[in-house]
Amino acid sequence: MNFDKENYTVEELTLENETIRFRAYRNLIYVDKPVNEAYQQMNIFVPEIYFEGGSMNGYTLKTVPVFMPNSVGGYMPGETEEPGYTRFGQKKLNSVFRALQHGYMVASPAIRGRSQRSDEGIFTGKAPACIVDYKAAVRYLHYFADELPGDENKIITNGTSAGGALSSLMGAAGNHPDYEPYLEGIGAAKAGDDIFAASCYCPITNLDHGDMAYEWQFSGVNEYHRMNMKMDEGGRPFFTPEDGVMTDVQIGASQAEASMFPAYLNSLGLTDENGRTLKLDAQGEGSFKEYVKAVVLASAQRALSEGMDVSDKKWLTVENGKAAAMDFSEYVKDITRMKTAPAFDSLDMDSPENNLFGTENTDYCHFTGYSMENSTCNGTMADEKIVRMLNPMNYIDDPKARTAKYWRIRHGECDRDTSLAISAILAVKLKSAGCSVDYHAPWNTPHSGDYDLDELFAWIDSICK
């Protein structure tokens, strides 16, 4: 682990009639004892104008913030990214290109994921490897701050889906000692891993309560509709539709999980901006549900204000140009269920999250009490501490954690990959802890990220300048 400031290339890239000129430091190993070197390295890109004494958008060589996106999806390994197009061949400039174009320094780390194993057959990317690697990459930036360009006190993480969850963990659990043994094990730098701000698109987080939240939202909707991703012979993804109805066992799991959610929600002691307690009764009704409905109505109102046609949403009541009310059950039927119950800790232990919580020698584990007790495959239970380490809710008000002050959370209004309740709970908890939170559910937006980079960068500028 070192940083050689003379080991770089100066490059120019033109895409979509847009040109960026930047200095690239590639393949920086960010730990002293890598387990998988290819996935414990980082690329750093800096607009070349800064090294010529110039400025961009009011930033200079030492004041430019560090935009730190991760490429993790589904808790699979995330590779370092290059400025260019978005993944899967879309003709859309990626966040690395756009951030350099805007004037930011970009640090793009590779991160281990749940599928990886050593030549000896040992699994090397199970939890908490993903968050430990992200923290180690941040420690590298802090450790070499005097030699690196940019302002390492202004690191902004960014990710989508599981990557959004990792960004939320980076924001919540800065410097917490729970992670120290794992960081020491890979030879992470002796520095802090706290960040300035977290950008989280549709974070698949709070996994140990995600099943409850999903069934609270989708309870009574037994039909599911989803797209299954497969890979062609050239390694390119394609999707095939699957429609079905949950089995009696799955419907029973849905009812059981939904009935457990109110107790969990009430245990959090959440309050809104006006000091009103957010809670649910045994039937899942109450002020928290009204809060979630208000999030959807705010999304509809923004859509109306931007001139969008929302007349096809029969669950939405519009009066005098205002989103006045909604029928929550009809809204849920409209966006449709995607996952069968339990959504994350599958009874037959075949979900990506079951795979995440495996061990060095076990590929899949349960991570909730309900699924462990009702396992159909004699599954084993994940380590309770490791499950805790993957949930940012456990660290937001922990005095041993340095939680980021600034947060931007986006969860699409029709996103079905996790319950809207999950992001709402995260946002409310952060606000109660005194954090500045920009939270919104963009209208008619499915599970996706980086779709509003201009707005994201405007937010970054507003907190950095």
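The values are calculated or read from the model by the stated rules, or taken from the named source; none is laboratory data. The structure presented is a predicted model; accordingly, all values stated were derived computationally and were not measured. Here the Cβ is made from the backbone with ideal geometry for all residues, glycine too, and neighbour counts use every protein chain on show. These accessible areas exclude ligands, DNA and RNA; they are computed on the full protein's heavy atoms, side chains included. Shrake-Rupley method; radii C 1.70, N 1.55, O 1.52, S 1.80 Å.
What the table shows:
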| read-out | value |
| --- | --- |
| Computed over the chain, Cα set: Rg, Dmax in Å | 22.0, 68 |
| Listed residue pairs exceeding 25 Å between alpha carbons, taken from LYS91/LYS465; LYS289/LYS431; LYS322/LYS405 | LYS91/LYS465; LYS322/LYS405 |
| The chain, helix-only ellipticity at 222 nm - DSSP H runs n ≥ 4, -39,500 (n - 2.57), divided by all residues, nearest 500 | -9000 deg cm²/dmol |
| Three-way shape call for region 303-409 based on the alpha-carbon gyration tensor, with the a/c threshold at 1.5 | oblate |
| Three-way shape label, region 169-233, alpha-carbon gyration tensor, a/c 1.5 | prolate |
| Percentage relative contact order, region 6-132, counting C-alpha pairs under 8 Å, at least six apart | 23 |
| Dimensions (Å) - region 1-154, Cα atoms, principal axes, largest first | 50, 37, 24 |
| Neighbour-limited loop hits for trypsin sites (Lys or Arg not before Pro), region 240-297 (at most 13 other Cβ within 10 Å; DSSP other than H, G, I, E, B) | ARG276 |
| For region 344-394: accessible area per residue (Å², 1.4 Å) | 44 |
| Placed amide H near ASN158: partners under 5 Å, 5+ positions off or other chain | MET68, ASN70, SER199 |
| Debye, to nearest 20: dipole size of region 25-110, +1 on Lys, Arg Cβ, -1 on Asp, Glu Cβ | 260 |
| For region 187-266: rounded, prolate or oblate by the Cα gyration tensor [a/c cutoff 1.5] | oblate |
| Neighbourhood net charge (11 Å Cβ-Cβ; Lys/Arg +1, Asp/Glu -1) for LEU166 | 0 |
| Accessible area in square angstrom per residue, region 1-87, 1.4 angstrom probe | 48 |
| Calculated on alpha-carbon atoms, Rg and Dmax of region 342-403 in Å | 13.0, 40 |
| The chain: relative contact order in percent, alpha carbon pairs under 8 Å with at least 6 residues between | 16 |
| Charge sum, other residues only, whose C-beta stays under 13 Å from HIS440's C-beta, Lys/Arg counted +1 and Asp/Glu -1 | -3 |
| Probe 1.4 Å, protein heavy atoms only - accessible area per residue of region 247-297 in square angstrom | 49 |
| Computed FRET value (nearest 0.05) for ASP348 with GLU180, which takes r as the C-beta separation and R₀ as 41 Å | 0.70 |
| Beta bridges by DSSP in the chain, antiparallel share as percent, to the nearest 5 | 60 |
| Computed Rg/Rh of region 125-271, alpha carbon atoms with Kirkwood Rh | 1.08 |
| Estimated dipole of region 152-222 in Debye, rounded to 20 [Cβ of Lys and Arg +1, of Asp and Glu -1, Cα centre] | 260 |
| Unit charges on C-beta of K, R, D, E only; dipole of the chain, Debye | 780 |
| Those GluC sites (Glu not before Pro) in region 1-90 that DSSP places in a loop and that have at most 16 other beta carbons within 10 Å | GLU6, GLU16 |
| Distance in nm between pseudo-label sites at SER118 and ARG276 (7 Å out along the Cβ direction from Cα) | 5.5 |
| Carbon and sulfur %, accessible surface of the chain computed with the full protein complex present, 1.4 Å | 46 |
| Neighbour-limited loop hits for GluC sites (Glu not before Pro), region 290-397 (at most 13 other Cβ within 10 Å; DSSP other than H, G, I, E, B) | GLU306, GLU360 |
| Kyte-Doolittle at least -0.5, axis length at least 27 Å by Cα - qualifying DSSP helices, the chain | 248-267 |
| Beta bridges per DSSP with both ends in region 107-247, % antiparallel, nearest 5 | 65 |
